[in-house]
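The values are calculated or read from the model by the stated rules, or taken from the named source; none is laboratory data. Model, not experiment: these values are computed from the prediction. Please note: Cβ atoms are built from the backbone with ideal geometry, for glycine as well, and neighbour counts cover all protein chains shown.
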4 protein chains.
Amino acid sequence: MLEKLKAQVYEANLALYNAGLAILTWGNASGIDHEKGLVVIKPSGVVYEELSAEQMVVVDLDGEVVEGGLQPSSDTPTHLVLYRELDGIGGVAHSHSTYAGAWAQACRSIPCYGTTHADCFRGAVPITEQLMPKALEGDYEAETGKAIVRAMEGMDVGEFTGVLVANHGPFTWGASAYEAVDNSIALEQIARMAALTEGLSPMAGPINSQLRDKHFLRKHGDGAYYGQVREGESIRDEHQGR
Amino acid sequence: MLEKLKAQVYEANLALYNAGLAILTWGNASGIDHEKGLVVIKPSGVVYEELSAEQMVVVDLDGEVVEGGLQPSSDTPTHLVLYRELDGIGGVAHSHSTYAGAWAQACRSIPCYGTTHADCFRGAVPITEQLMPKALEGDYEAETGKAIVRAMEGMDVGEFTGVLVANHGPFTWGASAYEAVDNSIALEQIARMAALTEGLSPMAGPINSQLRDKHFLRKHGDGAYYGQVREGESIRDEHQGR
Amino acid sequence: MLEKLKAQVYEANLALYNAGLAILTWGNASGIDHEKGLVVIKPSGVVYEELSAEQMVVVDLDGEVVEGGLQPSSDTPTHLVLYRELDGIGGVAHSHSTYAGAWAQACRSIPCYGTTHADCFRGAVPITEQLMPKALEGDYEAETGKAIVRAMEGMDVGEFTGVLVANHGPFTWGASAYEAVDNSIALEQIARMAALTEGLSPMAGPINSQLRDKHFLRKHGDGAYYGQVREGESIRDEHQGR
Amino acid sequence: MLEKLKAQVYEANLALYNAGLAILTWGNASGIDHEKGLVVIKPSGVVYEELSAEQMVVVDLDGEVVEGGLQPSSDTPTHLVLYRELDGIGGVAHSHSTYAGAWAQACRSIPCYGTTHADCFRGAVPITEQLMPKALEGDYEAETGKAIVRAMEGMDVGEFTGVLVANHGPFTWGASAYEAVDNSIALEQIARMAALTEGLSPMAGPINSQLRDKHFLRKHGDGAYYGQVREGESIRDEHQGR
């Protein structure tokens, strides 16, 4: 079942690995079939070189395994909270990528220091609060998802395509698993450039909101003129749907 | 039309990607046919792995698409201003490369800290002023080009082969699209070494102008003795023209 | 003899190299056959591209070469002390990897700044004391092993899978040579992220012990729920045994 | 003529490039035939992907081209001074590698912060004085060589296998072109780890001289026990002579 989605999620997980965002068995990406209410996700603890599309695990939105002989990622409950609470997302990616991970460990949101950032996020990359002892004792992974949702309160999932989990690392999302991984790749580059910017100019402040919005809106939303538009579908969407 | 130039511009764009200066769909390179007054440039938002020479878009100097089924890069108006205003350039490259991008985000020109820099730029790498609100509201990409031209006022395009756009990233140029990309590669290395130099010696100052000119002039200009000269053409030019 | 173990140790050494933890002839990994009391280790000073499984050297726990035409790694006495003194380890890896090496050179243990760290180490990565003049004059490599053992006093080899040797670099261990190398790879990433965390937040402190234990224990020990468990054997163990 | 040496020098130049120490046409390696008094060196300004063994240029110790259709590296006079003045070296490598280059730009010698360094250099990596105006006006490349020789005054070319040229970058040497490049690779790693060490511990001092000598001497000199010794020739020498 869901062969196409499994293939996509498999490729998205490999993309996460090939982009250098995950080492060993770390990191995971998932995608959702909204109609069926089913999520496809990487199995837990499998090395990327031995991963196959068939190994992808299908779970329902309550976390019950519907198909697959392997255990789903231990972060599955986090993904599920995001699918349930963040309207319109089609894929989720999580990694401990070096620079985004370092910002998360520093418990800092990433200021918007330039247009690279503004092309992808319409403002500072949010960071969650630290989890309370009770959350750590309870359903930890679901609580992590809830903390992300709280950090997104009042924000648009299209304008802020990811959140740093304090002391942990980034979760990103998008229209598909591919796009979620692309947003993890972009976030890592943003995080790296921001760290270097502070090194070169410790007093640097965020760019002005007009330049930020100009860049964000030329790439996203109704007035966007970046990329290719053909019959209501961008080349990039086509690529992502192959 | 312009098959050879399209092939060059295609290869130059791939070189930008393979050198690690661009990720995802970011970055773009172009080349000009001075006789015909036509510019060949990367299409907007296409992933590098799927790019082909045929997809390169031909535009005239007013930005009208002359050939090509895809939209040209959204940064095309910036390239066109540079071709119109900077005499003698044959190619332009733009990226959000990590270190040059960080200097741009820090709104700092890059001091000439050593001979690696002096081999490529005859002094500090210039940075534009920040764009005014009016420029952001208007024809933003053309205004970006104008800001670059202002930053080059009184400077030689052969001695300063690139400029950082404040809060944004580098634009470089050269005799061809290949050379423009080579100059982006060199600029990224210069930017990286300069950041590290400041880390090791916060009080470092630029090298003396005699050493700077010695290095620049042994590689560029009439008295240059670096590289191969055969029948008025260097090996490197040959390579670039293949 | 020990063909399977030799193949494993050979692959583990290559993995160390391919992960970028070792350059030139630096670094070494070994594995032990507990029943026979024999250790297989990389030969000294051989470049990785020319290494073969047959070249692996078999030594007994006193360091006598039992099989192999090449000299064993000059660090063999360090490995042997670890096998003799740290109960239950099956493999050892040593490198001068960049970031773990820098922490070792800075003579600092690595604070647990986040869950990436806590997934792998149940607390700060220990560092040895500096060796005394007498140890340097005597059996230096064995003394290095003893310093590691002292740094592990009262600690569990499953909870702390490696130690930094002051002024030198990391030694890690695991159930097999593969796992020892995986732990070196993880340690290098932990070391890198910790250095970046301090750059972004000079006053950063370690994460609270509850979050640390939650992450460590979901991945390791009896209550672990990360990875795949089938007939008492994880997929990862299977992989490591191929 | 000198086909074997040309092949070695060609391979050594490629190794410099493949190790990431040189980009574009930067960097160069050479080797000498002591009996014939001839030096083989990379041609100037040729891209590495198009380089061939046949293109290597043969010059005598006065810099006259003895064989080869291309101009030798513009840094040839520096190499020749080193061959004339530093007894016993068989190869020279020069690059603008990132970290060694940054130390050179910071005009700092590299302190011996750990055993990685001590395995390769028996003390701080020397740095030249800055060149005087007269030297810059005169035979600049030969003057660079003389500055290196002055920085080596009283030092052993086997104990200090390279020097940083102030504001410029590293020159290294060895028994062959291969070994010179290996020493450039090692120096770059030393330089990188030293920069990171200072970041983690700004007050770090050099390791004590006993540990430094222990490490240097276990790898080099009469009492060395690192590597393989067979019939008076190490495996590494064999590799280098293939």
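Per-residue answers, yes or no, for (1) touching a Gly at 6+ places or on another chain (Cβ under 7 Å); (2) free of Cβ contacts under 8 Å to residues at least 60 places away in the same chain; (3) over 11 Å from C:ILE41 (Cα atoms):
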| position | (1), (2), (3) |
| --- | --- |
| C:SER52 | no, yes, yes |
| C:LEU61 | yes, yes, yes |
| C:GLY68 | no, yes, no |
| C:PRO72 | no, yes, no |
| C:THR76 | yes, no, no |
| C:HIS79 | no, no, no |
| C:ARG84 | no, yes, yes |
| C:ASP87 | no, no, yes |
If we keep just the residues of the stretch C:69-83 that are facing chain D (nearest Cβ under 10 Å) and of a type outside the set (A, V, I, L, M), which is surrounded by the fewest Cβ atoms within 10 Å (Cβ to Cβ)?
C:GLY69
If you check A:GLY205 against the conditions, is it among the small types (Gly, Ala, Ser) and farther than 28 Å from B:GLY199 by Cα?
no
Somewhere in the stretch B:194-212, is a residue touching a residue at least 40 places away in the same chain (Cβ under 8 Å) and touching a His at 6+ places or on another chain (Cβ under 6 Å)?
no
Does the stretch B:181-216 hold any residues that are of a type in the set (Asp, Glu) and farther than 30 Å from B:GLY27 by Cβ, and which are they?
B:ASP213
Test B:GLU179 against the criterion of being without any contact (Cβ under 8 Å) to a residue 12 or more places away in the chain and assigned by TED's automatic domain parsing to the domain that holds B:GLU85, and give yes or no.
no
Report whether or not C:GLU141 is more than 11 Å from chain D (Cβ to nearest Cβ) and surrounded by fewer than 24 Cβ atoms within 10 Å (Cβ to Cβ).
no
Filter pass, D:LEU61 being more than 23 Å from B:GLU188 (Cα to Cα), of a type in the set (A, V, I, L, M, F, W, C), surrounded by 22 or more Cβ atoms within 10 Å (Cβ to Cβ) and in the same structural domain as D:GLU188 (by TED's automatic domain parsing)
no
Sort out for me the helices (runs of 4 or more DSSP H) sitting completely within the stretch C:169-242 that have 1 or more residues that are at pLDDT 95 or above and either at the interface with chain A (Cβ under 10 Å from one of its Cβ atoms) or touching a Lys or Arg at 6+ places or on another chain (Cβ under 8 Å) (or both).
C:177-200, C:209-219
Scanning the stretch B:39-50 for residues that are over 18 Å from the mean Cα position of the chain (by Cα) and part of a loop (DSSP other than H, G, I, E, B), which turns out nearest to B:SER74 (Cα to Cα)?
B:GLY45
Consider B:LYS146 carefully, then state whether it is in the same structural domain as B:LEU80 (by TED's automatic domain parsing) and at pLDDT below 95.
no
Are there helices (runs of 4 or more DSSP H) fully within the stretch C:51-145 with at least 2 residues that are more than 26 Å from C:PHE216 (Cβ to Cβ)? List them.
C:76-85, C:133-137
By residue number, the members of the stretch A:11-22 that are surrounded by fewer than 21 Cβ atoms within 10 Å (Cβ to Cβ) and of a type outside the set (Asp, Glu) are A:LEU14, A:ALA15, A:ASN18, A:ALA19, A:GLY20
Within the stretch D:84-108, restricting attention to residues that are away from chain B (no Cβ under 11 Å) and more than 13 Å from the chain's Cα centre (by Cα), which residue is surrounded by the fewest Cβ atoms within 10 Å (Cβ to Cβ)?
D:ASP87
Report yes if B:LEU164 is away from chain D (no Cβ under 14 Å), touching a Phe, Trp or Tyr at 6+ places or on another chain (Cβ under 8 Å), closer than 23 Å to A:SER201 by Cα and surrounded by fewer than 24 Cβ atoms within 10 Å (Cβ to Cβ), otherwise no.
no
Quick test for you: out of B:ALA147, B:ALA151, pick the one residue that is within 14 Å of chain A (Cβ to nearest Cβ), without any contact (Cβ under 8 Å) to a residue 40 or more places away in the chain, touching a Ser or Thr at 6+ places or on another chain (Cβ under 8 Å) and within 24 Å of A:ARG212 (Cβ to Cβ).
B:ALA147
Collect the residues in the stretch D:12-28 that are more than 14 Å from chain B (Cβ to nearest Cβ) and over 15 Å from the mean Cα position of the chain (by Cα), keeping them in residue-number order.
D:ASN18
B:ALA22 being at negative phi and in a loop (DSSP other than H, G, I, E, B)
yes
For the stretch C:109-118, does any single residue satisfy the condition of being of a type in the set (A, V, I, L, M), more than 10 Å from chain D (Cβ to nearest Cβ), in contact with a helix residue (DSSP H, G or I) (Cβ under 7 Å, 6 or more places away or on another chain) and more than 16 Å from C:TRP173 (Cβ to Cβ)?
yes
Here is a list: B:LYS36, B:LYS4. Which entry is outside any loop (DSSP other than H, G, I, E, B) and surrounded by fewer than 22 Cβ atoms within 10 Å (Cβ to Cβ)?
B:LYS4
In the stretch C:147-161, residues that are more than 15 Å from the chain's Cα centre (by Cα) and assigned to a helix (DSSP H, G or I) total 1
